[in-house]
Amino acid sequence: MDNHTKYMSLALRLAKKGEGTTSPNPLVGAVLVKRGNIIGRGYHKKAGLPHAEIEAFNDAAKKKNSIKDATLYVTLEPCCHTNKRTPPCVKAIIEKKISKVFVSMLDPNPEVAGKGVRILRKNGIEVEVGILEEKAKQLNEAFTKYITTGKPFVILKLAATMDGKIAAYTGDSKWIGSPTQRKYAHQLRGKLDGIMVGIETVLKDNPSLNVRFGKKMSRDPIPIVLDSKLRIPLDSNLLKIHETIIIATSDKSKKRKAEKLENLGATILNIKQDKNGRLNLKELARKLGKYKIMSVLIEGGSKVAASALKSGIVDKVVFFYAPKIVGAEGISMIGELDIPAIKKSIEIKNTKVKKINDELMVEGYL
């Protein structure tokens with residue numbers, strides 16, 4: 001590993017520390033190097049707080065290191081636009097007299113998109129782009145989708161037996177996965193903005209949908225409930241535990257129930273229905289984007305999984321397989337998709353398999 005890769009790898013590890021706290025901003029890490037020594041490091045910790053470059057500058061200053069003529073390694077192109085909370089980083093880089101900047105990936109934000117690099121070069125700063133670019137893009141895949149389309153990045157997560165069942169024929173599903181697998185799944189929850197389930201899951205399990213295992217993030221994901229008839233109980237755990245909950249319903253639902261739910265802090269979104277009475281998830285995704293929800297984890301049952309896949313809103317799947325078999329009578333992990341032939345099946349690309357004790361985690365992209 002050459003030094004440039006080493007320093008950018010460190011910057012990427014720093015960026016990951018912000019998972020679950022920076023939305024709707026990207027994950028960014030920065031490392032300052034001078035004469036072969038790391039003199040400052042930083043990452044974007046939370047929306048509204050200083051960006052990674054500024055954190056690295058502040059870190060160097062605390063250590064009384066001279067920043068002039070240092071080299072900056074940053075995982076995302078420095079911003080050149082001013083928002084209400086943070087000034088542009090390119091200005092600070094120029095003022096600090098940084099001599100060279102290595103950028104892992106360009107900012108997909110149309111307000112930046114190469115402009116930051118051009119400004120730095122116009123001011124005599126050498127810039128190189130592309131070190132560990134693919135890793136940087138994967139790290140910020142949710143931000144890229146959100147900032148370019150206005151819609152959240154959606155992950156479908158399911159835990160099943162080896163023969164693809166999420167429950168026995170009785171409906172019993174506790175516990176398919178081991179505590180280790182559930183811990184991993186909860187860590188995934190903590191990285192995303194929203195968590196979507198169907199009303200049947202709420203009525204059957206009365207879930208909490210918070211982060212209870214692993215690293216505790218600064219906030220739990222916002223529950224998003226698909227409930228076309230507003231059947232959610234007023235005393236459900238979701239309404240007790242979470243300050244914010246979004247309920248997607250139809251215009252045919254009872255207005256009086258909607259008012260009661262709103263009085264309990266719920267946000268009600270009226271969504272169109274298809275000919276089968278299912279909520280239009282594409283419309284829901286657009287509306288969630290307007291609420292600055294950058295990423296969503298779907299944890300519903302087989303019907304919700306099928307609806308999400310049919311609608312085309314799923315970007316990535318994360319499937320956990322436990323070393324158990326329940327047979328054909330069990331409930332399949334994904335409901336009816338009306339696919340008549342294998343050649344018309346939904347393809348999963350760039351798959352990765354990870355072993356978690358005796359269980360398998362398979363992830364891939366649609």
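Points worth noting:
- Of the two radii for segment 218-268, the radius of gyration is 0.95 times the Kirkwood radius, both from the alpha carbons; that is the Rg over Rh value.
- Neighbour net charge for residue 338 - beta-carbon separation under 12 angstrom, K R +1, D E -1: +1
- Straight Cα distances below 16 angstrom link residue 145 to the lysines 135, 137, 191, 282, 287, 290, 292, 316, with same-chain residues fewer than 8 positions distant left out.
- For the chain, the 222 nm mean residue ellipticity estimated from helices alone, with every DSSP H stretch of n ≥ 4 adding -39500 (n - 2.57) and the total spread over all residues, rounds to -8500 deg cm²/dmol.
- When only Cα pairs below 8 angstrom with a gap of at least 6 residues are kept, the chain shows a relative contact order of 15 percent.
- Neighbour cut-off at most 13 other Cβ (10 Å), DSSP loop, chymotrypsin sites (Phe, Trp or Tyr not before Pro), segment 173-259: 175
- Counting charges near residue 221 (Lys, Arg +1; Asp, Glu -1) among other residues having Cβ under 10 Å from its Cβ returns a value of 0.
- The protection proxy used here, the mean number of other Cβ atoms lying within 10 Å of each residue, ranks peptides 293-301, 120-128 as follows, highest first: 293-301, 120-128.
- Low-density loop positions, trypsin sites (Lys or Arg not before Pro), segment 143-210 - DSSP coil, at most 12 other Cβ in 10 Å: 174
- Euclidean distance between Cα centres, segment 332-364 to segment 244-273, Å: 33 Å
- Options 335, 210, 234, ranked by Cα towards positive dipole end of segment 210-366, top entry (Cβ charges): 234
- Per-residue accessible area (protein heavy atoms, 1.4 Å probe) orders 21, 351, 75 as 351, 21, 75, starting from the largest.
- Net charge of Cβ neighbours under 13 Å - reference residue 254; Lys, Arg +1; Asp, Glu -1: +3
- Shape analysis of the chain yields a ratio of the Cα radius of gyration to the Kirkwood radius, Rg/Rh, of 1.02.
- Straight Cα distances below 20 angstrom link residue 68 to the lysines 34, 91, 96, 97, 100, 122, with same-chain residues fewer than 8 positions distant left out.
- Shape class for segment 1-75, computed from the alpha carbon gyration tensor (a ≥ b ≥ c): oblate, with a/c not under 1.5 and a/b at or below b/c.
- Loop trypsin sites (Lys or Arg not before Pro), segment 14-72 (other Cβ atoms within 10 Å of the site Cβ: 16 or fewer; DSSP): 17, 35, 45, 46, 63, 64, 68
The values are calculated or read from the model by the stated rules, or taken from the named source; none is laboratory data. On a predicted model such as this, the values are computed, not experimentally measured, just so you know. Please note: Cβ atoms are built from the backbone with ideal geometry, for glycine as well, and neighbour counts cover all protein chains shown. What goes into the accessible areas is simple: the full protein's heavy atoms, side chains included, and nothing from ligands, DNA or RNA. Shrake-Rupley method; radii C 1.70, N 1.55, O 1.52, S 1.80 Å.
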